[in-house]
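Visitor: Here it is, the structure, as structure tokens.
Just so it is clear, none of the values below were taken in a lab; they were calculated from the coordinates. Given the structure is predicted, the values throughout are model-derived calculations rather than measurements. Note: ideal-geometry Cβ built from the backbone for every residue, glycine included; neighbour counts use all protein chains shown.
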Protein chains: 2
Amino acid sequence: MCEATIVDAEAVARMLAAQPSEEHVRSIADIFAALSDPTRLRILVALSREDLCVCDLAAVTGVSSSAVSHQLRVLRDRRLVSFARDGKRAVYSLADEHVASLLAQGSEHAGERA
Amino acid sequence: MCEATIVDAEAVARMLAAQPSEEHVRSIADIFAALSDPTRLRILVALSREDLCVCDLAAVTGVSSSAVSHQLRVLRDRRLVSFARDGKRAVYSLADEHVASLLAQGSEHAGERA
DNA sequence: TGAGCATATGAGCACACGTTCAGATGTATC
DNA sequence: GATACATCTGAACGTGTGCTCATATGCTCA
């Protein structure tokens with residue numbers, strides 16, 4: 001146990017002062033959490049190339065359209081995707097380029113560690 | 001139910017062909033998953049500014065050093081942090097600039113959505 | 001309006017995750 | 001070697017997550 005022990009008190013104080021707020025940390029964690037599921041990643045990768053409806057996303061990802069719909073809700077709530085009704089269908093697209101950028105960077109980082 | 005229904009067969013075929021491999025998707029998901037926990041984020045944010053030992057990281061993040069150690073293992077396994085022994089202590093640092101870059105981009109994205 | 005398809009939602013289950021607690025390993029100092 | 005401190009590890013517990021199944025809502029066309 002060393003809960004009370006601090007080696008570099010100054011550094012700790014600096015870090016505590018510089019740490020982002022609880023709320024901001026949670027907000028960042030939420031975004032990364034949304035990107036941390038294989039099914040959601042496949043959805044986003046597909047949408048980064050072409051707008052697609054729920055049915056087609058189900059075909060691309062290989063899971064049920066119900067499961068896709070559940071995941072799209074998560075992505076919608078996080079503002080990572082947006083959608084437009086087209087008759088019976090709902091056509092989804094990436095919310096903005098930040099999302100594609102995050103995807104690209106994650107992919108790049110994953111690629112480097114063979 | 002519309003499991004078998006496909007609206008835009010060509011687009012689906014294109015996406016299926018362009019989708020990254022199962023393995024690569026998992027690898028990307030793993031990295032984002034590592035970034036999706038508030039405690040781990042706080043650890044990484046602190047390390048992006050200064051190298052710190054486990055005890056001081058515990059003080060900065062506000063959790064037990066045991067919990068920090070568990071999370072550091074996750075980050076080590078993902079190659080997001082590296083460490084060097086300094087006597088009794090283990091001093092951790094970010095593995096590379098990619099990590100800081102991902103952090104910055106996630107933070108930026110989180111900041112925009114008030 | 002009523003049938004049929006696309007999408008959304010709620011409950012439930014299996015599994016994964018983060019923490020705590022207790023104890024093991026490792027390193028320096030005496 | 002023995003003690004003290006820092007870190008690591010394994011088990012266990014509560015909680016969250018992603019899927020399936022059943023059902024509800026929305027939209028179109030006859």
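Visitor: For the range B:15-28, name all the residues that are more than 22 Å from A:Ala34 (Cβ to Cβ) and at the interface with chain A (Cβ under 7 Å from one of its Cβ atoms).
Guide: Passing the criteria: only B:Leu16.
Visitor: Please enumerate the residues belonging to the range A:19-47 that are away from DNA strand C (no atom under 12 Å from the Cβ), surrounded by fewer than 23 Cβ atoms within 10 Å (Cβ to Cβ) and in a loop (DSSP other than H, G, I, E, B).
Guide: A:Gln19, A:Pro20, A:Ser21
Visitor: Report yes if B:Glu10 is assigned to a helix (DSSP H, G or I) and among the acidic types (Asp, Glu), otherwise no.
Guide: So B:Glu10 fits the description; yes.
Visitor: From the set of residues in the range B:48-69 that are within 11 Å of DNA strand C (Cβ to nearest atom) and more than 17 Å from A:Ala29 (Cβ to Cβ), which is surrounded by the most Cβ atoms within 10 Å (Cβ to Cβ)?
Guide: Top of the filtered list is B:Ala58.
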